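Novice: Sharing a structure here in structure tokens format.
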Amino acid sequence: MMIQTGIVQTESFSMDYFRFGRGSRTLVILPGLSVQSVMGAAQAVEAAFRSFEDSFTVYLFDRRNELPPSYSIREMARDTAEAFETVGLKDVCLFGASQGGMIAMTIAIEHPELVSKLALGSTTAHMQEDTYRTLDKWVQLAREKDRVGLYLAFGKDVYPPKLYESYREGLAGLAETVTDEDLRRFIILAEGIRGFNV
């Protein structure tokens, strides 16, 4: 199946996305917080969601390209909803994972006309104190530009132990490709989770 990439352009921002599938229904995926953009993982996402391709046209939206110095989940949801509208999407089946789930919940609450069904994975409706400790650790590693430490800490905190151990070397290798701009974006997006509560 062919993957089509695109850029949503509004008056105030641009946002990358990709799509695949040929179904009459629309499924939108909002990914979680990541050290690098998920746009480079389009093939892996398509492979994971291949069983949906006959029933759905599947979209995955990244975060906006021009990040302000601070950027809350509510602002991420506002911009993502605007991107949906700009592309002409409405009445979508919306799946959000982790931070993407927070954004998805906010869109469903504030723009119910855009969402017909909502599915969530590995997310929360409000932040807890123990989650802030994990977030603080990631942000500190990013500020210190400890790319390997960040990737390994992120992987250890997010993946089950067996999976983490099997991908540990790969994660360390991926860290070599992390740019200063990736770290700057990661910090802004991670900090945007603070105070989230719907």
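Novice: Among the GluC sites (Glu not before Pro) in the stretch 99-192, which ones are in a DSSP loop with at most 13 other Cβ atoms within 10 Å of the Cβ? Mind listing them?
Specialist: In loop regions of the stretch 99-192 (DSSP not H, G, I, E or B), the sparsely surrounded GluC sites (Glu not before Pro) are 144, 176.
Novice: For the chain, what is the number of Lys pairs with C-alpha distance below 29 angstrom, counting only pairs 8 or more positions apart or on separate chains?
Specialist: 6
Novice: For the stretch 140-149, just list the computed ³J(HN,Hα) in residue order, Karplus coefficients 6.51, -1.76 and 1.60, θ = phi - 60°, integers in Hz, with x standing in for Gly and Pro.
Specialist: 4, 4, 5, 5, 7, 6, 8, 4, 5, x
Novice: Residue by residue through the stretch 57-68, which ³J(HN,Hα) values in whole Hz follow from phi under the Karplus form 6.51 cos²θ - 1.76 cosθ + 1.60 (θ = phi - 60°), with glycine and proline marked x?
Specialist: With the stated coefficients, the stretch 57-68 comes to 9, 9, 10, 10, 9, 7, 7, 4, 6, 9, 6, x Hz.
Novice: Over the chain, with every protein chain in place, what whole percent of the accessible area is carbon and sulfur at 1.4 Å, could you tell me?
Specialist: With neighbouring chains kept in place, the figure for the chain is 51 percent.
Novice: Another one. For the stretch 31-43, in order, what is each residue's ³J(HN,Hα) by Karplus, 6.51 cos²θ - 1.76 cosθ + 1.60 with θ = phi - 60°, in whole Hz (x at glycine and Pro)?
Specialist: Listing the rounded values in order: x, x, 4, 9, 5, 10, 4, 7, 4, x, 9, 4, 4 Hz.
Novice: What size of dipole, in debye to the nearest 20, comes out for the stretch 10-165 about its Cα centre when the only charges are +1 on Lys and Arg C-beta atoms and -1 on Asp and Glu C-beta atoms?
Specialist: Dipole size: approximately 340 debye.
Novice: For the chain, what proportion of DSSP beta bridges, expressed in % and rounded to the nearest 5, is antiparallel?
Specialist: 45 percent
Novice: What label, among (1) 32, 26, 17; (2) 31, 26, 10; (3) 26, 20, 16, belongs to semi-axes √(5λ) of the Cα gyration tensor in Å computed from the structure on display?
Specialist: Label of the calculated value: (3).
Novice: I'd like the trypsin sites (Lys or Arg not before Pro) in the stretch 1-83 restricted to DSSP loop residues with at most 14 other Cβ atoms within 10 Å, sorted by number.
Specialist: When the trypsin sites (Lys or Arg not before Pro) of the stretch 1-83 are filtered for loop state and at most 14 Cβ neighbours within 10 Å, 22 remain.
Novice: Check which residues have an amide H placed less than 5 Å from residue 115's amide H, if you skip close sequence neighbours.
Specialist: Amide H neighbours of residue 115: 91, 92.
The values are calculated or read from the model by the stated rules, or taken from the named source; none is laboratory data. These figures come from a predicted structure and were not determined experimentally. Neighbour counts run over all protein chains shown; Cβ positions are idealised from the backbone, glycine included. Just the protein is used for accessible areas: all its heavy atoms, side chains included, with ligands, DNA and RNA removed. Shrake-Rupley method; radii C 1.70, N 1.55, O 1.52, S 1.80 Å.
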